[in-house]
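Contents: one structure, followed by commentary.
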There are 2 protein chains.
Amino acid sequence: MTAQTQKPKIRDAEATRARILAAAKVEFARFGLGGARVDTIAENSGANKRMIYHYFDSKENLFREVLEAAYVDIRSAEQALDLDALAPRDALEKWIRFTWDYYLANPEFITLVNSENLHRAKHLEDSQAIRVISRRFVASTKDLLDRGVDDGVFRSDIDPVQLNITIAAIGYYYLTNRFTGSIVFERDFMTPEALEERLAFNIETIMRLVCV
Amino acid sequence: MTAQTQKPKIRDAEATRARILAAAKVEFARFGLGGARVDTIAENSGANKRMIYHYFDSKENLFREVLEAAYVDIRSAEQALDLDALAPRDALEKWIRFTWDYYLANPEFITLVNSENLHRAKHLEDSQAIRVISRRFVASTKDLLDRGVDDGVFRSDIDPVQLNITIAAIGYYYLTNRFTGSIVFERDFMTPEALEERLAFNIETIMRLVCV
DNA sequence: ATGCTAATTAACGCAACAGTTAGTTACTTG
DNA sequence: CAAGTAACTAACTGTTGCGTTAATTAGCAT
């Protein structure tokens, strides 16, 4: 046997910890911090409640770790896009698509962020990790804008932070409020056609805003 | 005495009901449906817990009434804008400003809607009232767009629903995620200058999208 | 092998919380 | 003004849910 030289341990701290985190992510995403049940997390993780307190000390701290991991994940995926390799307009469109696709593929990100804002970001407040990855994120969008300005295809007076917020907003809002939205506007927000239409509208919105 | 012919009653069903609703709005807005405490609502309303169950039957039903009232309020304020009286471009800008100002002045609206979406809109699901007021709302934005197209100042291929969503999104997202936003972007989202800058950016975004 | 450390479990404690019971008191109507 | 009704209150109940206690067992080092 070449791989799997380690025999599968019955007791595996790292694996148990990871299983708890995964189960917690699902539970917090579905019900928010307040609505989540640590008994449910314990059960779904295949561990038991005492393990949660062993590895994470408290429900709130478990939430904090889930949330931080979610931010690290989206920012990592973003960096992996390698937008530098594309012409500014192509890079911008790719970034808008990525943001939309990421929210669709990882709906828990949105719910976790909503829950954290209901709690006024007190869990993220002193996370240095978030600040570090966010700086790189803002810097790379600024780079993209600068490149576009140099090429004469982007307007020169766009604030990268406002642009970031706007690109997130037009996707995020549509998805997080899809339930009340479906009632207010009397249409299914989640059919493939509706999703495609929304993405196209979002690309149009941003392109008109940014391009000269 | 001309007014106040009714002597102030010690027992006043309508007033008590209204006080409970007002206290519930504050509590639900601050903590969401799950995080709200009916003991707190009772205390802050100056009534007591039994009265809540007398007038509203359950915590969930109380939430439903608070939420419906919130929708009625924003849609009424919107209708009162009387956008028909303005030229299309002016009307559009006034509407964008209104949306922003309403969210700022009534932050509980955002939190209530967030909470309802966490619960997949099950409380609004069979509210006929919401559907009725929403239809008028969508119709009047469609009227505005049509007027602009007739005047040759708006693009002809804008979907009123997508526009509605987008105008809400760019204000709503900024405000609801202002806590995590302040950390990620390392700036205070709520200074007068920041608010003004965001509103200007939003107006620019929509104008570029809609105008020919 | 033996003893030590860390992983794991079941069962429990206790506070918080939604909802109720069992009344008392103000107002209204005939 | 008497009797009925509706507003109102305080104290209580059963359950849920976070966090712990106390004990068991697997893996590892000497």
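The values are calculated or read from the model by the stated rules, or taken from the named source; none is laboratory data. If you're wondering where the values come from, they're calculated on a predicted model, not measured in any experiment. So basically every Cβ, Gly included, is an ideal-geometry build from the backbone, and we count neighbours across all protein chains shown.
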Matching residues in segment B:87-124 - criterion: being basic (Lys, Arg) and more than 13 Å from chain A (Cβ to nearest Cβ)
B:ARG89, B:LYS94, B:ARG97
Extreme residue, nearest to DNA strand D (Cβ to nearest atom), among residues of segment B:46-66 that are modelled with pLDDT under 95 and small (Gly, Ala, Ser)
B:ALA47
Of the residues in segment A:117-165, how many are closer than 30 Å to B:SER115 by Cβ, among the basic types (Lys, Arg) and more than 16 Å from the chain's Cα centre (by Cα)?
2
For B:ALA121, indicate whether it is part of a loop (DSSP other than H, G, I, E, B), buried (at least 19 other Cβ atoms within 10 Å of the Cβ) and not β-branched (Val, Ile, Thr).
yes
Output for segment A:77-92, where each listed residue is surrounded by 15 or more Cβ atoms within 10 Å (Cβ to Cβ) and over 14 Å from A:PHE137 (Cβ atoms):
A:LEU86, A:PRO88, A:ARG89, A:ALA91, A:LEU92
Return the residues of segment B:89-116 that are within 16 Å of the chain's Cα centre (by Cα) and charged (D, E, K, R); say none if nothing qualifies.
B:ARG97, B:ASP101, B:GLU108, B:GLU116
Can you name every residue in segment B:151-199 that is farther than 26 Å from B:ASP90 by Cα, hydrophobic (A, V, I, L, M, F, W, C) and touching a Leu at 6+ places or on another chain (Cβ under 7 Å)?
B:ILE183
Of the residues in segment B:155-189, those that are exposed (fewer than 14 other Cβ atoms within 10 Å of the Cβ) and either more than 9 Å from chain A (Cβ to nearest Cβ) or touching a residue at least 40 places away in the same chain (Cβ under 8 Å) (or both) number 3
Report the residue count in segment B:125-134 for those that are among the charged types (D, E, K, R) and facing chain A (nearest Cβ under 8 Å).
2
Which one is farthest from DNA strand C (Cβ to nearest atom), of the residues in segment B:38-76 that are charged (D, E, K, R) and within 14 Å of chain A (Cβ to nearest Cβ)?
B:ARG75
Can you tell me which of (1) touching a Gly at 6+ places or on another chain (Cβ under 7 Å); (2) not assigned by TED's automatic domain parsing to the domain that holds A:VAL149 is the one A:SER115 doesn't meet?
(2)
Among the residues of segment B:124-140, the number that are in a helix (DSSP H, G or I) and either among the hydrophobic types (A, V, I, L, M, F, W, C) or touching a Phe, Trp or Tyr at 6+ places or on another chain (Cβ under 8 Å) (or both) is 8
Tell me yes or no: at least one residue of segment A:27-38 is of a type outside the set (Ser, Thr, Tyr) and either away from DNA strand D (no atom under 16 Å from the Cβ) or not in a helix (DSSP H, G or I) (or both).
yes
Residue under evaluation A:ILE10, criteria (1) in a helix (DSSP H, G or I); (2) loosely packed, with under 14 Cβ neighbours inside 10 Å, criterion not met
(1)
Return yes or no: is B:SER182 small (Gly, Ala, Ser), modelled with pLDDT of 95 or more and either under 22 Å from the mean Cα position of the chain (by Cα) or at negative phi (or both)?
yes
Note: among B:PHE201, B:PHE137, just one is farther than 30 Å from A:ARG30 by Cβ, within 11 Å of chain A (Cβ to nearest Cβ) and modelled with pLDDT under 95, namely B:PHE137
